[in-house]
Amino acid sequence: ADKVWFITGASRGFGRVWAEAALERGDKVAATARSLASIADLEEKFGANVLTLELDVTNTEQVKSAVAQAHVHFGRLDIVLNNAGYSLVGTIEEASADDVRALYDTNIFGPLAVIQAALPLLREQGYGHILGTSSNLGHVVLPVIGYYCSSKWAFEAIHESLAAEVKAFGIKVTIIEPGAYATEFGSQESLKFAAGMDIYSDFKEQFINGIRNLERGDPAATPQALFKMVDSPN
Ligand code: NJP
């Protein structure tokens, strides 16, 4: 395969699993995280195939610099994976506007900055694959997590539009919708979320039953599923 990846949120959860799987099969990865210490072990394990970079996706200058550094270091970028994100739990009434802005900064404006920094480079290469970790809540809405849903709806709309705009340049765009998994996101936010959903018992049951284990290998978000997406020629 020998692909070059740029991954946000590589410290844990999906980002970590996917970064390690790509490195294990011999790909090269620019692994980014807010704290370099949280990804330092990747360098020890994978040596020159990994470049670790400090990146908070809400910092646009840091985004530009990280994308540029990764491109210079590896000489190209095949896959740009916008994965960093989190969930805000609370009713529409109770969440503060500042909390919602912060959520949108990470889940919408962060990925947007990464896309805008990477696109000129991908266009010049004449190829590239932009992947985005959305959610199965990127096209439906549940109570008590509505702002998170809205952030992923926006994320998906941006990617749908982008896909049509960049096809002519040889650039592919794919949205990943993992569903509920027991990552840090799953174990903390989702449980809080479920607890807050007592009044919506139907949804609660549906949600808790839906939580999967990364190890169990659900088809939507396993490394194998991801590799299939990025290795396919069309
Ligand atoms: O969650 P978690 P996941 N700048 O919490 C990073 C979506 N998703 O792997 O806190 C840069 O284990 C954070 O880094 P740090 C979800 O919406 C999940 O489940 O600095 N990075 C960590 O690496 C999200 O888009 C489920 O160590 C920032 C990572 O993001 C994606 O999957 C279901 C950051 C979060 O790791 C990964 O989440 C679904 C920032 N400002 C979609 N803020 C699910 N788990 O159930 C956070 O459908 N990070």
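Looking only at residues in the range 14-49 that are without any contact (Cβ under 8 Å) to a residue 12 or more places away in the chain and of a type in the set (A, V, I, L, M, F, W, C), which one is nearest to the ligand (Cβ to nearest atom)?
A37
The conditions are (1) more than 28 Å from E124 (Cβ to Cβ); (2) over 16 Å from the mean Cα position of the chain (by Cα); (3) modelled with pLDDT of 95 or more; (4) among the hydrophobic types (A, V, I, L, M, F, W, C), and F46 fails exactly one of them. Which is it?
With respect to (1) more than 28 Å from E124 (Cβ to Cβ); (2) over 16 Å from the mean Cα position of the chain (by Cα); (3) modelled with pLDDT of 95 or more; (4) among the hydrophobic types (A, V, I, L, M, F, W, C), F46 is out only on (1).
Hey, among G132, G126, which residue is surrounded by 18 or more Cβ atoms within 10 Å (Cβ to Cβ) and in contact (Cβ under 8 Å) with a residue 12 or more places away in the chain?
Numbers: G126 fails: surrounded by 18 or more Cβ atoms within 10 Å (Cβ to Cβ).
Going through G132, G126 in turn, just one is surrounded by 18 or more Cβ atoms within 10 Å (Cβ to Cβ) and in contact (Cβ under 8 Å) with a residue 12 or more places away in the chain: G132.
Check off (1) farther than 17 Å from A10 by Cα; (2) hydrophobic (A, V, I, L, M, F, W, C); (3) modelled with pLDDT of 95 or more for I92 and give me the number that stays unchecked.
Going through the list (1) farther than 17 Å from A10 by Cα; (2) hydrophobic (A, V, I, L, M, F, W, C); (3) modelled with pLDDT of 95 or more, I92 breaks only (3).
Any idea which of Q69, Q62 is free of Cβ contacts under 8 Å to residues at least 40 places away in the same chain and within 14 Å of the ligand (Cβ to nearest atom)? Before you say what the answer is, go through the steps one by one.
Working: Q69 fails: within 14 Å of the ligand (Cβ to nearest atom).
After ruling out the rest, the residue left standing is Q62.
Residues that are among the basic types (K, R) and at pLDDT 65 or above: find the helices (runs of 4 or more DSSP H) completely inside the range 141-234 holding 1 or more of those. Spell out the reasoning first.
Details: elements: 146-166, 191-195, 201-210, 223-231.
In the range 141-234, the matching helices (runs of 4 or more DSSP H) lie at 146-166, 223-231.
Which pairs turn up if I take residues in the range 72-100 that are over 16 Å from G110 (Cα atoms) and look for partners that are among the basic types (K, R) and outside any loop (DSSP other than H, G, I, E, B) with beta carbon separation below 6 Å, at least 6 apart in sequence or on another chain?
From the range 72-100, the pairs are F74/K28; V89/K192.
Among what's in the range 50-59 and is over 24 Å from E156 (Cα atoms) and crowded, with 17+ Cβ neighbours inside 10 Å, pick the residue that is nearest to the ligand (Cβ to nearest atom). Step through it out loud before you land on a result.
First, the residues of the range 50-59 that are over 24 Å from E156 (Cα atoms): 50-54.
If we keep only those that are crowded, with 17+ Cβ neighbours inside 10 Å as well, we get 50-53.
Numbers: V50: 15, L51: 16, T52: 13, L53: 11 Å.
Looking at residues that are over 24 Å from E156 (Cα atoms) and crowded, with 17+ Cβ neighbours inside 10 Å, I get L53.
In the range 66-89, what count of residues is obtained for those that are modelled with pLDDT under 95 and more than 25 Å from P223 (Cβ to Cβ)?
Initially, the range 66-89 is screened for residues modelled with pLDDT under 95, giving 86-89.
From what's left, more than 25 Å from P223 (Cβ to Cβ): 88-89.
Selection size over the range 66-89: 2.
Would you be able to tell me the number of residues in the range 72-95 that are near the ligand (Cβ under 10 Å from one of its atoms) and either among the aromatic types (F, W, Y) or in a loop (DSSP other than H, G, I, E, B) (or both)?
Residues in the range 72-95 being near the ligand (Cβ under 10 Å from one of its atoms) and either among the aromatic types (F, W, Y) or in a loop (DSSP other than H, G, I, E, B) (or both): 5 in total.
Pick from the range 1-24 the residues that are modelled with pLDDT under 95 and not in a helix (DSSP H, G or I): which of them is farthest from H71 (Cα to Cα)?
Within the range 1-24, the match that is farthest from H71 (Cα to Cα) is R12.
Applying the selection to the range 96-107, what residues are among the β-branched types (V, I, T) and either in a loop (DSSP other than H, G, I, E, B) or under 15 Å from T133 (Cα atoms) (or both)? Explain how you work it out, then say what you get.
Of all residues in the range 96-107, those among the β-branched types (V, I, T) come to 100, 106.
T106 - this is the single residue of the range 96-107 that is among the β-branched types (V, I, T) and either in a loop (DSSP other than H, G, I, E, B) or under 15 Å from T133 (Cα atoms) (or both).
The values are calculated or read from the model by the stated rules, or taken from the named source; none is laboratory data. This is a predicted model, so every value here is computed, not measured. Counting neighbours? That spans all protein chains shown, and the Cβs are built from the backbone with ideal geometry, glycine included.
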